[in-house]
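These notes are about the structure you will find just below.
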Amino acid sequence: MVLMTVARDVTVMMSRRVMPPVRPIAVAVIAVVIAVVAARVHVARGHRDAKAPKSDARITSRRIRVLMFTTAMKRTTAMSSRAYHASTRYAARTPAAMRRGRGRGGVVDVRAKKKGFAEFLNVSIDRERARASWYNDREPLKPGVVSPMRAVPAGILRPPYADSGHLPEYDDRKVQVQTTAEDIEGMRAAGALAARVLDMAEQMCAPGVSTEDIDKAVHEMTVEAGAYPSPLNYGGFPKSVCTSLNECICHGIPTVETVLQEGDIINVDVTVYLNGYHGDTSRTIMIGTVTDEVRHLVETTEKALQAAIDVCKPGTAVRKIGATIHGIADAANLGVVDKFVGHGVGKEFHSGPTVRHHRNNDPGTLRVGQTFTIEPMLTIGTTRDKMWKDGWTSCTADGKWTAQCEHTLLITEDGVDILTASPYRASLSANK
Ligand code: MF3
Ligand code: CO
Ligand code: CO
């Protein structure tokens with residue numbers, strides 16, 4: 001529409017001969033440039049407002065070309081294809097990625113760097129996105145004040161990063177396979193505790209409760225059980241749990257100002273480090289009554305996780321997890337976030353395999369004793385994110401809402417065990 005208006009004005013100017021002959025050419029060139037930029041902004045607007053694009057693959061062909069261009073650049077800018085593939089969250093610890101690193105050594109976003117024309121185009125899109133948009137009559141999230149880190153009593157085993165705040169090395173090729181009965185028992189205990197802590201958090205979620213309240217309760221229950229809350233000081237993360245509301249994709253930081261309202265959704269992501277083993281689980285909790293669209297989002301995310309778990313057994317290709325999730329999201333007209341991934345978990349918080357939730361062609365198969373997470377994030381609108389200045393909080397670029405759920409899994413001889421299965425959720429469905 002914008003494009004057509006500009007073209008018509010140029011025609012009018014030319015037909016009235018109000019300018020010397022050379023001018024119309026200059027004007028036409030300028031008009032074309034303006035039209036191209038306007039079209040980009042228009043696409044970005046449509047991306048945010050229109051009902052349309054559920055995943056990046058469905059944007060116009062113009063957009064796809066730009067995406068392909070930037071993808072090609074990402075691959076060539078000193079980033080090995082392995083490091084690129086190994087996701088943006090944990091794996092990008094190559095020197096090149098570190099130079100581009102953002103935040104406080106926490107999350108490295110290899111997608112941030114763009115050059116040339118692609119960058120120019122994306123800058124105009126980002127400016128659009130900077131205007132936070134409302135969804136469901138809900139005010140967009142804004143950063144609150146982060147209170148000091150909570151103390152963990154002496155005597156509780158601390159992970160290696162607890163004091164330094166370093167982000168541990170991530171090597172996609174190192175997977176975690178539990179071979180001894182002791183290790184498997186350790187993982188079961190950590191998973192069970194994480195699930196119980198999350199059950200407690202779910203039951204306290206209600207209008208008026210702040211994410212700070214949730215952090216305090218999670219922290220206290222974790223340390224009372226003799227465990228360390230794994231997020232605390234992991235790569236400098238300042239709190240004991242991640243709380244991600246509404247348009248927040250993941251890694252939301254709890255604050256006093258972030259208060260639950262009727263109709264909200266919140267992902268609470270609990271990880272505990274118990275006797276040397278991490279158990280990692282999250283779910284999205286609906287606060288009171290939510291809209292049908294939002295309920296559909298949350299329920300489809302749960303369904304996608306369960307379907308992905310159902311394909312897991314020894315010999316399953318890791319990429320089948322992404323194919324399963326993406327298939328369900330497509331059928332439900334929802335997007336799959338590709339920036340954040342599942343991971344090996346065990347004695348380390350994050351390791352290989354990188355478990356991507358969208359369709360992919362990654363190598364690798366699951367084997368007996370392997371412990372890892374699946375944690376899909378689905379979206380109503382765009383799957384692209386905007387990272388807050390805190391270096392952690394990742395929100396959808398269009399402000400539309402997103403849901404996530406996560407389990408820690410163990411591959412057994414004949415299938416898979418959900419180590420973070422929830423007693424509370426099980427009791428709810430038993431009473432139905
Ligand atoms: N629990 C998250 C995951 O699922 C990781 C949180 S890391 C933190 O992998 F530093 F943000 F806490
Ligand atoms: Co995880
Ligand atoms: Co988690």
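Cβ-Cβ distances below 6 Å connect the following pairs, each with a first residue in the stretch 313-332 that is more than 13 Å from I411 (Cβ to Cβ), a second residue that is crowded, with 16+ Cβ neighbours inside 10 Å and among the acidic types (D, E), and a separation of six or more residues or different chains: R319/D362. Would you mention how many residues in the stretch 369-426 are in contact with a helix residue (DSSP H, G or I) (Cβ under 9 Å, 6 or more places away or on another chain) and of a type in the set (S, T, N, Q)? Residues flagged as in contact with a helix residue (DSSP H, G or I) (Cβ under 9 Å, 6 or more places away or on another chain) and of a type in the set (S, T, N, Q) within the stretch 369-426 amount to 9.
Out of all the residues in the stretch 247-273, which are surrounded by 20 or more Cβ atoms within 10 Å (Cβ to Cβ) and more than 16 Å from ligand 1 (Cβ to nearest atom)? E247, L260, D264, I265, listed by residue number. Yes or no: the stretch 181-204 includes at least one residue that is under 24 Å from the mean Cα position of the chain (by Cα), among the β-branched types (V, I, T) and surrounded by fewer than 18 Cβ atoms within 10 Å (Cβ to Cβ). So far as the stretch 181-204 goes, no, none of its residues is under 24 Å from the mean Cα position of the chain (by Cα), among the β-branched types (V, I, T) and surrounded by fewer than 18 Cβ atoms within 10 Å (Cβ to Cβ). Of all residues in the stretch 296-312, exactly one satisfies the criterion of being more than 27 Å from I411 (Cβ to Cβ) and out of contact with any strand residue (DSSP E or B) (no Cβ under 7 Å at 6 or more places or on another chain), namely H296. Filtering the stretch 180-212 to residues that are free of Cβ contacts under 8 Å to residues at least 40 places away in the same chain and in a helix (DSSP H, G or I) leaves A181, E182, E185, M200, M204.
Of all residues in the stretch 232-251, those satisfying the criterion of being in a loop (DSSP other than H, G, I, E, B) and touching a Cys at 6+ places or on another chain (Cβ under 6 Å) are E247, H251. Just so you know, in the stretch 263-276 the residues that are within 18 Å of H407 (Cβ to Cβ) and either part of a loop (DSSP other than H, G, I, E, B) or of a type outside the set (V, I, T) (or both) include one that is farthest from ligand 3 (Cβ to nearest atom), and it is L274.
For every residue, the table says whether it meets (1) of a type in the set (S, T, N, Q); (2) over 26 Å from K347 (Cβ atoms); (3) at pLDDT below 95; (4) touching a helix residue (DSSP H, G or I) at 6+ places or on another chain (Cβ under 8 Å).
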{"position": "L232", "(1), (2), (3), (4)": "no, no, no, yes"}
{"position": "P238", "(1), (2), (3), (4)": "no, no, no, no"}
{"position": "V241", "(1), (2), (3), (4)": "no, no, no, yes"}
{"position": "L245", "(1), (2), (3), (4)": "no, yes, no, yes"}
{"position": "D264", "(1), (2), (3), (4)": "no, yes, no, no"}
{"position": "T271", "(1), (2), (3), (4)": "yes, no, no, yes"}
{"position": "T289", "(1), (2), (3), (4)": "yes, yes, no, no"}
{"position": "V298", "(1), (2), (3), (4)": "no, yes, no, no"}
{"position": "Q306", "(1), (2), (3), (4)": "yes, yes, no, no"}
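Selection over the stretch 375-418 of residues that are more than 17 Å from T284 (Cα to Cα), charged (D, E, K, R) and part of a loop (DSSP other than H, G, I, E, B) gives a count of 6.
Using the structure shown, decide if V218 is modelled with pLDDT of 95 or more, more than 16 Å from ligand 2 (Cβ to nearest atom) and in contact with a Ser or Thr (Cβ under 8 Å, 6 or more places away or on another chain). Here the answer is no, as V218 does not meet what is asked. Answer yes or no as to whether G279 is within 14 Å of ligand 3 (Cβ to nearest atom), surrounded by fewer than 24 Cβ atoms within 10 Å (Cβ to Cβ) and touching a residue at least 40 places away in the same chain (Cβ under 8 Å). Answer is no for this residue.
The values are calculated or read from the model by the stated rules, or taken from the named source; none is laboratory data. Bear in mind that the values here come from a model prediction, so they are computed numbers and not experimental data. Cβ: placed from backbone, ideal geometry, glycine included. Neighbour counts: every protein chain shown.
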